[in-house]
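A short worksheet on the structure shown next.
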Amino acid sequence: MTRREWLQRTALVSAAWSLSKGSAVAQHRPASTALDHLLLGAPDLDSAIFWFEKAAGVRPAIGGSHPGMGTRNALVSLGGRQYLEIIAPDPAQSAFNFQIDVRSLPGPRLVTWAASTPALDEVVSTARSASLTVFGPRDGSRVRPDGTTLRWRSAGALADFRMGTVDPVPFFIEWAADSPHPATDSPGGCRLTAFEVRHPDPERLQRLLATLGIDAAVSRAETAALGAVLATPNGEVRLAS
């Protein structure tokens, strides 16, 4: 074991010890349970909606635009408090500031995912205690076509696991108490039955996720990738990076 690996492992052990002292993040959850939503990137929203409806038999509903990000989305409920977000460039916005360039994708592809938390500040504290670089917390909002404004806070750990247009490390989202969760009123009929994470360095990624309270069996692969299986009215639909 190199000195760098020893220091990384020591930081993770220290974070785990801190979690055992009573932090809400200490309640480890399987990735499939921690998942709030999957982000399916696409270069064009209308084409992606058509593709998903043909594959799954459920038409995603337009969600709205993300002001300042240069993106807009469409949503499908996956049951409970989980949903699929199709995210694509918003032609009404001149600037594109989303962290993953979905404009370059050849078609709908999984690009990253979000994990739910009722205590975002504790997630951030845990990440910083593990000497991780953190972005956020930052406020987010989106106005639905019916005029309802959804509000949330998000944050995450910056790490070197992203490859190309795939970031296997989720960001964390805490929905405002007075904000409806998108899964409750998005088109239903689909359900998440499997979710997988793959990476060339699975052990290190798995340790990072564990530090953040997520238990994931990361598989080894040549590049970073995400995979999901949905039960839909048209049968099983597989989403991939």
Legend entry - Among the residues listed as R151, R142, R162, R138, the single one being of a type in the set (K, R) and buried (at least 19 other Cβ atoms within 10 Å of the Cβ): R142
Legend entry - Scan of region 107-123 for residues that are more than 16 Å from the chain's Cα centre (by Cα) and in contact (Cβ under 8 Å) with a residue 40 or more places away in the chain, ordered by number: G107, A119, E122
Legend entry - Test set (1) touching a Phe, Trp or Tyr at 6+ places or on another chain (Cβ under 9 Å); (2) closer than 19 Å to R81 by Cβ - V169 fails condition number: (2)
Legend entry - region 31-46, residues that are outside any strand (DSSP E or B) and either under 30 Å from Q206 (Cβ atoms) or free of Cβ contacts under 8 Å to residues at least 60 places away in the same chain (or both): A31, S32, T33, A34, A42, D44, L45, D46
Inset, instruction - For E174, indicate whether it is open to solvent by 50 Å² or more (accessible area, probe 1.4 Å), of a type in the set (D, E, K, R) and modelled with pLDDT of 95 or more. - result: no
Legend entry - Of the criteria (1) under 22 Å from A155 (Cα atoms); (2) open to solvent by less than 60 Å² (accessible area, probe 1.4 Å); (3) polar (S, T, N, Q); (4) under 16 Å from the mean Cα position of the chain (by Cα), which one Q99 fails: (2)
Legend entry - Test: residue in region 192-209 that is of a type in the set (V, I, T), touching a residue at least 12 places away in the same chain (Cβ under 8 Å) and open to solvent by 20 Å² or more (accessible area, probe 1.4 Å): yes
Inset, instruction - Kindly check whether there is at least one residue in region 86-105 that is in a strand (DSSP E or B) and either under 20 Å from A176 (Cα atoms) or touching a residue at least 60 places away in the same chain (Cβ under 8 Å) (or both). - result: no
Legend entry - Enumeration of residues in region 199-241 that are closer than 26 Å to F52 by Cβ, polar (S, T, N, Q) and touching a helix residue (DSSP H, G or I) at 6+ places or on another chain (Cβ under 9 Å): S219, T232, N234
Legend entry - Criterion violated by P168 - all others in (1) open to solvent by less than 10 Å² (accessible area, probe 1.4 Å); (2) part of a strand (DSSP E or B) satisfied: (2)
Inset, instruction - Determine if region 152-161 includes at least one residue that is in contact with a Ser or Thr (Cβ under 7 Å, 6 or more places away or on another chain) and closer than 22 Å to A48 by Cβ. - result: no
Legend entry - Out of G147, G140, sole residue that is modelled with pLDDT under 95 and over 15 Å from I87 (Cβ atoms): G147
Legend entry - Matching residues, region 117-131, being of a type in the set (S, T, Y), outside any helix (DSSP H, G or I) and open to solvent by less than 60 Å² (accessible area, probe 1.4 Å): T117
Inset, instruction - Could you tell me whether any residue of region 14-25 is aliphatic (A, V, I, L, M), crowded, with 16+ Cβ neighbours inside 10 Å and at pLDDT 70 or above? - result: no
Inset, instruction - Return the residue satisfying two criteria in turn: it lies in region 134-163 and is part of a loop (DSSP other than H, G, I, E, B) and under 16 Å from the mean Cα position of the chain (by Cα), and of such residues it is farthest from R198 (Cα to Cα). - result: A159
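The values are calculated or read from the model by the stated rules, or taken from the named source; none is laboratory data. In this text, all values refer to a predicted model and were calculated from it rather than measured experimentally. Neighbour counts are summed over all protein chains in view; Cβ atoms, including those assigned to glycine, are modelled from backbone coordinates with ideal geometry. What goes into the accessible areas is simple: the full protein's heavy atoms, side chains included, and nothing from ligands, DNA or RNA. Shrake-Rupley method; radii C 1.70, N 1.55, O 1.52, S 1.80 Å.
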